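Input: a single structure, listed below in structure tokens.
What follows is calculated from the coordinates using simple rules that are stated; it is not laboratory data. Predicted model only: the values in this text are computed from it and were never measured. Backbone-built Cβ (ideal geometry, glycine too); neighbour counts: all protein chains shown.
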Amino acid sequence: MLLAFDTATALVSVAVHDGSTVRAEAVSGAPMKHGEHLAPLIAAVLADAGVTMAEVTGIAVGVGPGPFTGLRVGLVTARTLGLALGVPVHGVCTLDVLAAEAIASGAVVGEFVVATDARRKEVYLAAYDETGARVSGPEVVRPAAAATPSPAAGEGPVLYPDAFPHAVGPTQPSAGWLARLVLSGTVEVLDPEPLYLRRPDAVAAAPASKPGA
Amino acid sequence: MAAMNEPLVLGIETSCDETGVGIVRGHTLLADAVASSVEEHARFGGVVPEVASRAHLEAMVPTIQRACDTAGIALRDVDAIAVTSGPGLAGALLVGVAAAKSLALALDKPLYGVNHLASHVAVDQLEHGALPDRCLAMLVSGGHSSLLLVDDITLGVTPLGATIDDAAGEAFDKVARVLGLPFPGGPHIDRAARDGQITIDFPRGLSNRKDLERHRFDFSFSGLKTAVARWIEAREASGEPVPVADVAASFQEAVCDVLTRKAMDAAISNNIDTIMIGGGVAANSRLRALAQSRAEERGITIRVPRPGLCTDNGAMVAALGSELVARGRTPSALDLPADSSLPVTTVVA
Ligand SMILES: [Zn+2]
């Protein structure tokens, strides 16, 4: 039983795969609530699939790139579950998950890109060939600098239609596809390390908001 | 020696720059593993939230493992998970809360999202046993300076007073900076002051009669910090060297004098005979000595945990968690949020 989840976009996606099929999958209802939603959603999806924690034999997690706060919720959850259950944790680039679904659903034939919201008027971008192999990225760029008439999956084309006029599905990464990818062995499996792609803003906390020691 | 029927609780603390994982059985401390990112923040003169959050993610699993190894337990032995859910830095809290939920889920054990400040009070039970039925807690750190009335730490606390501007620890950091001492300022000022004399009479905030009418148990350290900076500027302007040790000693005395004076007043006026002191500033040697001598004169007992348990750690969270389990308090839900401004009156979120 592979428990898969991705928190690298505004929503949380969770799925359970039993080795032959996705048994259950769900997406959180409200954006930017990764910390509140992920754990209850895991419990709900496991219950829906009729699977107990003890039956989970592996964890798959989207490692981004994505907004840092949500990304960390997914990664610390994956690592801690892996430790407590004694099972391996497989990381996958979140853009690869979107690419896999785009190909499998027939939304793209030929070369295409995946662009997701990096905020600050930028996108996380990767380019793929017709087989779904990543040929460049992931990187963080301004949409205008990445403008392409190629088909584009992810939320990028929704937010920046001028740069990505040829929008195709999907817009959100699916944990079901994340699980299928890991089990298929056709994707580069990474350590569960976050793909931040940006340095931290080196601004000290306002002292009033820090508990200090 | 811990009785095996007492609850075995693992506590996680990530509200600022320390990743803490503690394990207790009842009031017995079994492990207190802490990984700090303080050195990564030193060059910024304060804690950088994104740097702290990244460090928490990297440190979490190794720190949990280290705590279990030290305690000689397996994770599946744990009876409950406790975690600081606030107050603190939002992104930093979130890492600890998510890790705690994962443990609770994987191990099928209750989760307690607890208040950081109440944990600073509860930790003293690991050192000095059960808290008395009623005590005064003075919590002094980089973010808080509070006087709290504590009857039952698992139910709530009653705030008597707090800082109206800077926290005590913040004043230490700022004065250290003008003295050219490194961040964090507390331990460096404490060390420098040992070689100095109390030669300068710096102001005691909210201590004159008029202020006491409205702010009897409140603190203010902003004026003190400014007074120290002005004093140094004047000295430098006149071409004289700054006596760092004397300034450190005099500043530290002003802080400790007003803290202990107000704590004694609060205890006596509420008929309380025990004062518990916690938070990072409680590690200050002058504060400990002055509180002790003033309390003795008044027949008051001072309880201060050893310095390592005063600063942020996971053991304090586990200590509060263990008390909550022992008293049968209701655990938190799995959708527990990290609350950067959790009020001091909320013990379990
Ligand atoms: Zn603290």
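Key figures
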{"item": "Charge tally in the Cβ shell below 11 Å around B:Val175, where Lys, Arg are +1 and Asp, Glu are -1, B:Val175 excluded", "result": "0"}
{"item": "Where Rh is the Kirkwood radius over Cα pairs, Rg/Rh for the protein assembly as shown", "result": "1.05"}
{"item": "Nearest-20 debye value, region B:22-107 charge dipole, Cβ charges on Lys, Arg, Asp, Glu", "result": "120 debye"}
{"item": "Alpha-carbon centroid distance for the pair region B:194-218 / region B:1-49, whole angstrom", "result": "33 Å"}
{"item": "Dipole of region A:95-159, positive direction: furthest Cα of A:Ser136, A:Ser150, A:Leu125, with charges on the beta-carbon", "result": "A:Leu125"}
{"item": "Nearest-20 debye value, chain B charge dipole, Cβ charges on Lys, Arg, Asp, Glu", "result": "380 debye"}
{"item": "Cβ-placed point charges (K, R +1; D, E -1), dipole of chain A about Cα centre in debye, nearest 20", "result": "680 debye"}
{"item": "Paramagnetic reach from A:Ala147 (point 7 Å along Cα→Cβ, amide N under 17 Å) across region A:162-202", "result": "A:162-167"}
{"item": "Helical mean residue ellipticity (222 nm; -39500 (n - 2.57) per DSSP H run of 4+; nearest 500) of chain B", "result": "-14000 deg cm²/dmol"}
{"item": "Prolate/oblate/rounded label for region A:95-159 (Cα gyration tensor, a/c 1.5)", "result": "prolate"}
{"item": "Antiparallel bridge percentage (DSSP; both residues within the protein assembly as shown; nearest 5)", "result": "65 percent"}
{"item": "Peptide ranges B:75-81, B:239-245, B:166-172 listed from the most packed, as the mean C-beta count within 10 angstrom indicates", "result": "B:166-172, B:75-81, B:239-245"}
{"item": "Summed residue charge, Cβ within 11 Å of A:Tyr128's Cβ, Lys/Arg positive, Asp/Glu negative", "result": "-3"}
{"item": "Relative contact order %, chain B, counting alpha carbon pairs below 8 Å whose residues are six or more apart", "result": "27 percent"}
{"item": "Alpha-carbon centroid distance for the pair region B:234-279 / region A:31-45, whole angstrom", "result": "47 Å"}
{"item": "Number of partner chain Cβ atoms within 10 Å, mean per residue of B:335-341", "result": "3"}
{"item": "Gyration tensor verdict on chain A (Cα atoms; rounded if a/c is under 1.5, prolate if a/b is larger than b/c, oblate otherwise)", "result": "oblate"}
{"item": "Cα gyration tensor shape of chain B, rounded if a/c is under 1.5, else prolate or oblate by comparing a/b with b/c", "result": "prolate"}
{"item": "Dipole-positive endmost among B:Ala267, B:Leu224, B:Ser250 within region B:218-293 (Cβ charges, Cα centre)", "result": "B:Ala267"}
{"item": "Over 27 Å between alpha carbons, listed pairs A:Lys121/B:Lys101; B:Lys210/B:Lys262; B:Lys225/B:Lys262; B:Lys101/B:Lys174", "result": "A:Lys121/B:Lys101; B:Lys101/B:Lys174"}
{"item": "FRET efficiency for A:Asp129 and B:Ser222, using Cβ-Cβ distance with R0 set to 56 Å, rounded to 0.05", "result": "0.35"}
{"item": "Relative contact order %, region A:83-182, counting alpha carbon pairs below 8 Å whose residues are six or more apart", "result": "28 percent"}
